[in-house]
Amino acid sequence: MVDPQLVVPGIHRLEFEIGQAYVWAWSKWLTLIDTGMTGSAKPILHAIERLGRRPEDVREILLTHFHPDHIGGAAELAGRTGARVLAHRADAAVIRGEQAGAPPRLTERERPLAEAIGPRVPAAQPVAVDREVEDGDLTEGGGIILSVPGHTPGSIALLVPDVGVLFTGDTIAAHEGAPILGLFNIDRRQAIESVRKQAELAFDVACFGHGSPLVGSASEKVRALAAGLRWQEGDS
(Lines give C-alpha, C1' and ligand atoms only; values in the text may rest on other atoms or scores of the structure.)
Protein backbone atom coordinates (compact mmCIF):
# COMPACT_ATOMS: atom_id res chain seq x y z
CA MET A 1 0.00 0.00 0.00
CA VAL A 2 0.97 3.63 -0.41
CA ASP A 3 0.74 6.08 2.45
CA PRO A 4 -0.19 9.65 1.44
CA GLN A 5 2.59 12.11 2.25
CA LEU A 6 1.52 15.65 3.12
CA VAL A 7 3.25 18.25 0.93
CA VAL A 8 1.24 21.29 2.04
CA PRO A 9 -2.33 21.43 3.35
CA GLY A 10 -4.63 20.06 0.66
CA ILE A 11 -1.84 18.39 -1.36
CA HIS A 12 -0.61 14.82 -0.78
CA ARG A 13 2.08 12.88 -2.62
CA LEU A 14 1.67 9.18 -3.46
CA GLU A 15 5.10 7.68 -4.13
CA PHE A 16 5.53 4.44 -6.10
CA GLU A 17 8.53 2.32 -7.05
CA ILE A 18 8.74 4.36 -10.24
CA GLY A 19 7.19 7.81 -10.29
CA GLN A 20 4.42 9.28 -8.21
CA ALA A 21 0.95 10.80 -8.24
CA TYR A 22 -0.68 13.58 -6.23
CA VAL A 23 -4.03 14.12 -4.55
CA TRP A 24 -5.27 17.71 -4.49
CA ALA A 25 -8.22 18.38 -2.16
CA TRP A 26 -10.35 21.38 -3.03
CA SER A 27 -13.76 22.20 -1.60
CA LYS A 28 -15.36 18.79 -0.99
CA TRP A 29 -13.75 17.25 -4.07
CA LEU A 30 -10.43 15.74 -5.09
CA THR A 31 -8.29 15.94 -8.21
CA LEU A 32 -5.72 13.25 -9.00
CA ILE A 33 -2.64 14.42 -10.85
CA ASP A 34 -1.34 11.34 -12.68
CA THR A 35 -2.07 7.75 -11.72
CA GLY A 36 1.19 5.79 -11.61
CA MET A 37 1.89 2.54 -13.45
CA THR A 38 -0.56 -0.26 -14.18
CA GLY A 39 -1.54 -1.75 -10.83
CA SER A 40 -1.48 1.59 -9.01
CA ALA A 41 -5.27 2.06 -8.83
CA LYS A 42 -5.73 -0.09 -5.71
CA PRO A 43 -3.02 1.66 -3.64
CA ILE A 44 -4.28 5.06 -4.79
CA LEU A 45 -7.80 4.22 -3.65
CA HIS A 46 -6.37 2.95 -0.35
CA ALA A 47 -4.52 6.25 0.09
CA ILE A 48 -7.73 8.18 -0.57
CA GLU A 49 -9.44 6.15 2.15
CA ARG A 50 -6.52 6.88 4.49
CA LEU A 51 -7.28 10.57 3.92
CA GLY A 52 -10.84 9.98 5.11
CA ARG A 53 -12.29 10.38 1.63
CA ARG A 54 -14.31 8.20 -0.71
CA PRO A 55 -13.56 7.14 -4.31
CA GLU A 56 -16.53 9.16 -5.54
CA ASP A 57 -14.94 12.30 -4.09
CA VAL A 58 -12.46 12.20 -6.99
CA ARG A 59 -13.87 14.68 -9.48
CA GLU A 60 -11.05 14.87 -12.04
CA ILE A 61 -8.05 12.82 -13.10
CA LEU A 62 -5.47 15.04 -14.76
CA LEU A 63 -2.88 13.21 -16.87
CA THR A 64 0.23 15.31 -17.43
CA HIS A 65 1.37 13.24 -20.45
CA PHE A 66 1.02 9.87 -22.13
CA HIS A 67 3.87 7.85 -20.59
CA PRO A 68 2.70 4.58 -18.99
CA ASP A 69 4.18 5.35 -15.56
CA HIS A 70 1.73 8.26 -15.37
CA ILE A 71 -1.43 6.86 -16.97
CA GLY A 72 -1.26 3.20 -15.92
CA GLY A 73 -3.93 3.42 -13.22
CA ALA A 74 -6.21 5.83 -15.07
CA ALA A 75 -8.65 3.41 -16.69
CA GLU A 76 -9.39 1.51 -13.49
CA LEU A 77 -9.56 4.69 -11.41
CA ALA A 78 -11.94 6.37 -13.85
CA GLY A 79 -14.19 3.32 -13.64
CA ARG A 80 -14.05 3.11 -9.85
CA THR A 81 -14.51 6.83 -9.15
CA GLY A 82 -16.61 8.15 -12.03
CA ALA A 83 -14.11 11.01 -12.40
CA ARG A 84 -13.53 12.81 -15.69
CA VAL A 85 -10.15 12.26 -17.32
CA LEU A 86 -8.35 15.38 -18.57
CA ALA A 87 -5.36 15.48 -20.94
CA HIS A 88 -3.94 17.77 -23.60
CA ARG A 89 -5.29 17.23 -27.10
CA ALA A 90 -1.78 16.50 -28.46
CA ASP A 91 -1.42 13.44 -26.18
CA ALA A 92 -5.07 12.38 -26.07
CA ALA A 93 -4.97 9.95 -29.01
CA VAL A 94 -2.06 8.05 -27.43
CA ILE A 95 -3.82 7.91 -24.06
CA ARG A 96 -6.94 6.56 -25.78
CA GLY A 97 -4.85 3.87 -27.48
CA GLU A 98 -5.59 5.22 -30.96
CA GLN A 99 -1.93 5.72 -31.89
CA ALA A 100 1.55 4.99 -30.56
CA GLY A 101 3.46 7.67 -28.71
CA ALA A 102 6.68 9.00 -30.19
CA PRO A 103 9.80 7.67 -28.42
CA PRO A 104 12.18 9.99 -26.60
CA ARG A 105 15.44 11.13 -28.15
CA LEU A 106 17.81 9.82 -25.54
CA THR A 107 21.09 11.44 -24.65
CA GLU A 108 24.11 9.20 -24.09
CA ARG A 109 23.72 9.69 -20.34
CA GLU A 110 20.01 8.78 -20.45
CA ARG A 111 20.35 5.63 -22.55
CA PRO A 112 21.52 3.19 -19.82
CA LEU A 113 18.92 4.54 -17.41
CA ALA A 114 16.16 4.08 -19.98
CA GLU A 115 17.36 0.54 -20.66
CA ALA A 116 17.21 -0.24 -16.94
CA ILE A 117 13.83 1.34 -16.25
CA GLY A 118 11.95 0.58 -19.47
CA PRO A 119 11.39 -3.15 -18.90
CA ARG A 120 10.01 -2.43 -15.42
CA VAL A 121 7.18 -0.23 -16.72
CA PRO A 122 4.27 -2.24 -18.18
CA ALA A 123 2.10 -0.94 -20.99
CA ALA A 124 -0.90 1.08 -19.86
CA GLN A 125 -4.51 0.21 -20.59
CA PRO A 126 -6.09 2.83 -22.87
CA VAL A 127 -8.52 5.20 -21.20
CA ALA A 128 -11.11 7.60 -22.59
CA VAL A 129 -10.18 11.27 -22.35
CA ASP A 130 -13.34 13.10 -21.34
CA ARG A 131 -11.92 16.59 -21.73
CA GLU A 132 -9.08 17.71 -23.99
CA VAL A 133 -7.46 20.75 -22.41
CA GLU A 134 -5.42 23.62 -23.82
CA ASP A 135 -3.06 26.22 -22.42
CA GLY A 136 -4.92 28.56 -20.07
CA ASP A 137 -7.90 26.28 -19.44
CA LEU A 138 -9.16 25.94 -15.86
CA THR A 139 -9.92 22.76 -13.95
CA GLU A 140 -13.04 22.56 -11.81
CA GLY A 141 -10.96 23.28 -8.73
CA GLY A 142 -9.50 26.45 -10.23
CA GLY A 143 -6.14 25.11 -11.38
CA ILE A 144 -4.62 26.65 -14.50
CA ILE A 145 -3.51 24.34 -17.29
CA LEU A 146 -0.14 25.13 -18.87
CA SER A 147 0.92 23.66 -22.18
CA VAL A 148 4.58 22.66 -21.71
CA PRO A 149 5.56 20.48 -24.69
CA GLY A 150 8.91 18.84 -25.23
CA HIS A 151 8.83 15.86 -22.91
CA THR A 152 5.86 14.78 -25.01
CA PRO A 153 3.91 16.94 -27.50
CA GLY A 154 1.00 17.28 -25.09
CA SER A 155 2.78 17.58 -21.75
CA ILE A 156 0.96 19.85 -19.32
CA ALA A 157 1.68 21.45 -15.97
CA LEU A 158 -0.91 22.62 -13.47
CA LEU A 159 -0.65 25.82 -11.45
CA VAL A 160 -2.85 26.10 -8.35
CA PRO A 161 -2.59 29.79 -7.38
CA ASP A 162 -4.70 29.47 -4.22
CA VAL A 163 -2.06 27.26 -2.58
CA GLY A 164 1.00 28.40 -4.53
CA VAL A 165 1.70 24.97 -6.02
CA LEU A 166 2.95 24.01 -9.49
CA PHE A 167 2.65 20.42 -10.71
CA THR A 168 5.25 20.02 -13.44
CA GLY A 169 4.67 16.47 -14.65
CA ASP A 170 7.94 15.25 -16.15
CA THR A 171 9.01 18.56 -17.68
CA ILE A 172 11.05 19.21 -14.52
CA ALA A 173 12.32 16.64 -12.02
CA ALA A 174 14.21 16.85 -8.74
CA HIS A 175 17.64 15.44 -7.90
CA GLU A 176 19.38 15.85 -4.56
CA GLY A 177 17.01 18.64 -3.55
CA ALA A 178 17.36 20.72 -6.72
CA PRO A 179 15.24 20.96 -9.87
CA ILE A 180 16.63 19.52 -13.10
CA LEU A 181 15.41 19.28 -16.66
CA GLY A 182 13.19 16.22 -16.94
CA LEU A 183 14.69 13.16 -18.63
CA PHE A 184 13.66 11.23 -21.75
CA ASN A 185 12.39 14.16 -23.82
CA ILE A 186 11.05 13.89 -27.36
CA ASP A 187 12.22 17.45 -28.15
CA ARG A 188 14.93 18.74 -25.81
CA ARG A 189 14.90 22.27 -27.22
CA GLN A 190 11.15 22.55 -26.70
CA ALA A 191 11.48 21.02 -23.23
CA ILE A 192 13.95 23.73 -22.23
CA GLU A 193 11.55 26.42 -23.46
CA SER A 194 8.83 24.84 -21.34
CA VAL A 195 11.04 25.05 -18.26
CA ARG A 196 11.55 28.74 -19.01
CA LYS A 197 7.81 29.22 -19.33
CA GLN A 198 7.24 27.71 -15.89
CA ALA A 199 10.09 29.77 -14.44
CA GLU A 200 8.09 32.93 -15.19
CA LEU A 201 5.32 31.89 -12.78
CA ALA A 202 4.95 32.59 -9.08
CA PHE A 203 4.72 29.49 -6.86
CA ASP A 204 6.13 28.44 -3.51
CA VAL A 205 5.93 24.68 -4.00
CA ALA A 206 6.85 22.53 -7.01
CA CYS A 207 5.56 18.96 -7.29
CA PHE A 208 7.37 16.79 -9.84
CA GLY A 209 6.61 13.52 -11.58
CA HIS A 210 9.94 12.20 -10.29
CA GLY A 211 11.77 13.40 -7.20
CA SER A 212 10.75 15.01 -3.94
CA PRO A 213 8.67 18.21 -4.05
CA LEU A 214 10.38 21.52 -3.40
CA VAL A 215 8.63 23.35 -0.57
CA GLY A 216 9.59 27.00 -0.16
CA SER A 217 10.94 29.43 -2.78
CA ALA A 218 10.41 26.84 -5.50
CA SER A 219 9.92 29.37 -8.30
CA GLU A 220 13.30 30.96 -7.52
CA LYS A 221 14.99 27.57 -7.82
CA VAL A 222 13.23 26.84 -11.12
CA ARG A 223 14.30 30.26 -12.42
CA ALA A 224 17.90 29.41 -11.54
CA LEU A 225 17.54 26.12 -13.43
CA ALA A 226 16.08 27.86 -16.48
CA ALA A 227 18.87 30.43 -16.52
CA GLY A 228 21.48 27.68 -16.71
CA LEU A 229 19.89 25.55 -19.44
CA ARG A 230 21.34 25.73 -22.96
CA TRP A 231 20.53 24.05 -26.23
CA GLN A 232 22.59 23.94 -29.38
CA GLU A 233 22.21 22.41 -32.81
CA GLY A 234 22.98 18.70 -32.60
CA ASP A 235 21.74 18.22 -29.04
CA SER A 236 19.47 15.23 -28.58
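Do you know which of the residues in the stretch 146-176 that are without any contact (Cβ under 8 Å) to a residue 40 or more places away in the chain and not in a loop (DSSP other than H, G, I, E, B) is surrounded by the fewest Cβ atoms within 10 Å (Cβ to Cβ)? Applying the filter and picking the extreme gives His175. Residues that are surrounded by fewer than 21 Cβ atoms within 10 Å (Cβ to Cβ) and among the acidic types (Asp, Glu) within the stretch 35-92 comprise Glu49, Glu56, Asp57, Glu76, listed in sequence order. Under the condition of being in a helix (DSSP H, G or I) and either more than 23 Å from Val23 (Cα to Cα) or out of contact with any strand residue (DSSP E or B) (no Cβ under 7 Å at 6 or more places or on another chain) (or both), the residues counted in the stretch 196-233 number 12.
Quick one: would you say Thr139 is over 20 Å from Glu98 (Cβ atoms), polar (S, T, N, Q) and either touching a residue at least 60 places away in the same chain (Cβ under 8 Å) or touching a helix residue (DSSP H, G or I) at 6+ places or on another chain (Cβ under 6 Å) (or both)? Considered against the rule, which asks whether it is over 20 Å from Glu98 (Cβ atoms), polar (S, T, N, Q) and either touching a residue at least 60 places away in the same chain (Cβ under 8 Å) or touching a helix residue (DSSP H, G or I) at 6+ places or on another chain (Cβ under 6 Å) (or both), Thr139 comes out as yes.
For Gly82, state whether it is touching a helix residue (DSSP H, G or I) at 6+ places or on another chain (Cβ under 8 Å), of a type in the set (Gly, Ala, Ser) and modelled with pLDDT of 95 or more. Taking the combined requirement at face value, the residue satisfies it.
Against the test of being within 20 Å of Phe16 (Cα to Cα) and either modelled with pLDDT under 95 or under 18 Å from the mean Cα position of the chain (by Cα) (or both), the options Gly150, Gly164, Gly177 yield a single qualifying residue, Gly177. Only residues that are within 13 Å of the chain's Cα centre (by Cα) and either in a strand (DSSP E or B) or at pLDDT below 95 (or both) were counted across the stretch 19-36, and they come to 9. A single entry from Glu110, Glu134 fulfils the requirement of being out of contact with any strand residue (DSSP E or B) (no Cβ under 9 Å at 6 or more places or on another chain) and either at pLDDT below 95 or charged (D, E, K, R) (or both): Glu110.
The values are calculated or read from the model by the stated rules, or taken from the named source; none is laboratory data. Since we're looking at a predicted model, the values are computed, not measured. Ideal geometry is used to build each Cβ from the backbone, glycine not excepted, and the neighbour counts take in all protein chains shown.
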